[in-house]
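To start, the structure under review is shown below, and the notes come after it.
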Amino acid sequence: MGRKNKLLLIGEISKLTGAGIKSLRYYERINILKPAYIDPNSGYRYYSFNQTNLVYLIMFCIELDIPLKELSEFIDGQDTVNYRAFLAHGKAVAQEKMRTLKKGLGFINFLEQKLALQEEYPLGPIYTRELPEKYFYVIPYGQTFEDADQNEVAKLFFDAPNYESDNNEWLEYGLLCEHSLDRTYRYAFVEVPQDKASLNCRAIPAGQYYCRQNDISQIEQAGSVFRDYLNGENSFLAIETEVFSDKFNINKPINELRVIVMPGGLLR
């Protein structure tokens, strides 16, 4: 009786730590939290106050999605926890989870920006936007964009150097045309940060772009769509990239088509 009086009932340690009683019993079954004492007559479980730290450690693992079987690797048969080794492991897992969360937040911000663009400009009318210099990693297409090979498009995301920027900003992807009087070069592109630009990248100039949103691809018709804005120039860039609407149909995406005149010639 004297020993039990110095220990905590399972309900008390549950209240102290916030861990459910069923959870505490489960931790015992998988041998990562053994009671300090089990009453042989009643079967009641008793715990020492010092064991609350181990409960918090278990809860920390759960929060970080660290499998509890991994925690057991840091606890020996004498209930000794190798905290230094576990903390190194836990820190690495936590840092990776933070990177994943930042990446997810970056994607949410990216979608919000695309939604705001679609809300600001309706489908159909031509409008202007001032855009900064961008860098596109490109792969060439065939004679028209209808020759698209989806495997080649997907390959962009494997080959492009650091598709996501270091600050977890998601970058654009889509189609690029370089038009001149006698030739058109077609590419699929994915935007990359300037410091990651490679030989397969095009520097897309800053400036005022004429833009139009459509629910069908019109990049092949960019010259006629923006005829009144090209002032007879034959050298221009056409870019088409997805925007997102409140109710987004993945089989019929909305695209923003952009053009900018290149009076000094194409990027090549």
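Here, each number is a calculation from the coordinates, and none is a lab measurement. Please read all numbers here as calculations on a predicted model, not as lab measurements. All Cβ positions, glycine included, derive from the backbone under ideal geometry; neighbour counts span all protein chains shown.
Taken over the range 29-58, the residue count meeting the criterion of being surrounded by 15 or more Cβ atoms within 10 Å (Cβ to Cβ) and assigned to a helix (DSSP H, G or I) is 6. For the range 188-206, the set of residues classified as of a type in the set (Lys, Arg) and more than 15 Å from residue 177 (Cα to Cα) consists of 196 only. Total residues in the range 73-130 satisfying the condition of being part of a loop (DSSP other than H, G, I, E, B), farther than 26 Å from residue 170 by Cα and of a type in the set (Ser, Thr, Tyr): the figure is 1.
Scanning the range 93-110 for residues that are farther than 28 Å from residue 67 by Cβ and surrounded by 14 or more Cβ atoms within 10 Å (Cβ to Cβ) yields a count of 1.
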